[in-house]
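Contents: one structure, followed by commentary.
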Amino acid sequence: MVYLRVISLLAQIPLEVWNKIVMDEPEWQYMRGFLEKYGFGRFSVLMVSAGLNDYQLKGRAEKVYWPRIKELLEGKKAPNSPEEMESMLAEFYRDERLAEQKLKRLNRFLSSSLAKSLWKASPNEAARDFLQIWLKLSEVMQQKPSDKTIAFAMKTLGLALLMAGRSDFPIETTIPVDSRIRSFTQRLSISAENDETVKAFWKDVLERLRENLPISMIHLDSLVWQIGTLSKAEIVNYFSQLGLRNIGERLAEMLRE
């Protein structure tokens, strides 16, 4: 059964490798430097703002989204308010696909009481209130908590907490379903007829993995997203670089081309 074989393979990945996979995410690679510059509160607002608009991009996120946001911001002083952050980020989103929609989403979040409270939040407070923030964000954005952009924005907040050294927050078990996650699920010969079936599959996988590994959906999503559209040979190479070539070979064998 594919489900059990996937769990068996992923359970062999050591925790330190799972953590390395998370640190290889473009959000971590390109945004990490702003944590010290901004302080946690402002940084968390930046991460959520960018997470909410990470869709319908002009190319791969690790090429045209996160590095360009970094390039825009790194030469500027830290913003003094959510309104100032909106002005800075609007410069980027005006040239994005669906620019009007993304500018409205940016304003909706950054003009909210949630953004103002997060602006002053400590890592302790954000970790403690993580699920309440999730629900409030969905309310502010007028979306379901399980919607892809909401789930992904909360992943970026989770990454901000991990960067700040906090892992004791109750990350919801909802994977943000994008084309890479959907593609990899289908290549495992798992039904991906709608987002709910994809979410259900990875939720079950995570629950089984968590019986022996203290990982979250952030870890699992990071891995599946990074390998989602790689060829079989590229997957073998990916795991080889992590010192786990055997896992890469066995996983590749399970995939449809």
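Here is how the numbers come out for the structure above:
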item: Centroid-to-centroid separation of region 111-169 and region 173-208 [C-alpha atoms, Å]; result: 23 Å
item: Cα-projected label distance for R97 with R60, points at 7 Å along beta-carbon direction, nm; result: 1.6 nm
item: Virtual spin-label span in nm between R108 and Q132, 7 Å along Cα→Cβ; result: 2.3 nm
item: Taking all pairs of distinct alpha-carbon atoms in region 1-51, Kirkwood radius in angstrom; result: 13.2 Å
item: Dipole axis of the chain (+1 Lys, Arg; -1 Asp, Glu on Cβ), positive-most option in V140, F239, P176; result: V140
item: Cross-link table K116/K199; K136/K203; K77/K116; K58/K102; K20/K155; K37/K120, entries beyond 21 Å C-alpha to C-alpha; result: K116/K199; K136/K203
item: Area projected by the alpha carbon convex hull of the chain, averaged over all directions, nm²; result: 12.9 nm²
item: Once exposed loop trypsin sites (Lys or Arg not before Pro) are cut out (DSSP; at most 16 other Cβ, 10 Å), longest piece of the chain; result: 121-209
item: Point-charge dipole on Cβ atoms (K/R +1, D/E -1) for the chain, about Cα centre, debye to 20; result: 220 debye
item: Label point distance in nm, A90-N246, each placed 7 Å from Cα along Cα→Cβ; result: 5.7 nm
item: Isotropically averaged projected area of region 65-153, using the convex hull of Cα atoms (one quarter of hull area), nm²; result: 6.1 nm²
item: Listed residues G228, G41, G59, most fluctuating in the chain (Gaussian network, C-alpha, under 10 Å); result: G59
item: Dipole-positive endmost among L161, G41, Y93 within region 26-163 (Cβ charges, Cα centre); result: Y93
item: GluC sites (Glu not before Pro) within region 44-98: DSSP coil, no more than 16 neighbouring Cβ in 10 Å; result: E74
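The numbers here are math on the coordinates, done by the rules we state, and not lab data. Predicted model only: the values in this text are computed from it and were never measured. Glycine also receives a Cβ, built like all others from the backbone with ideal geometry; neighbour counts cover every protein chain displayed.
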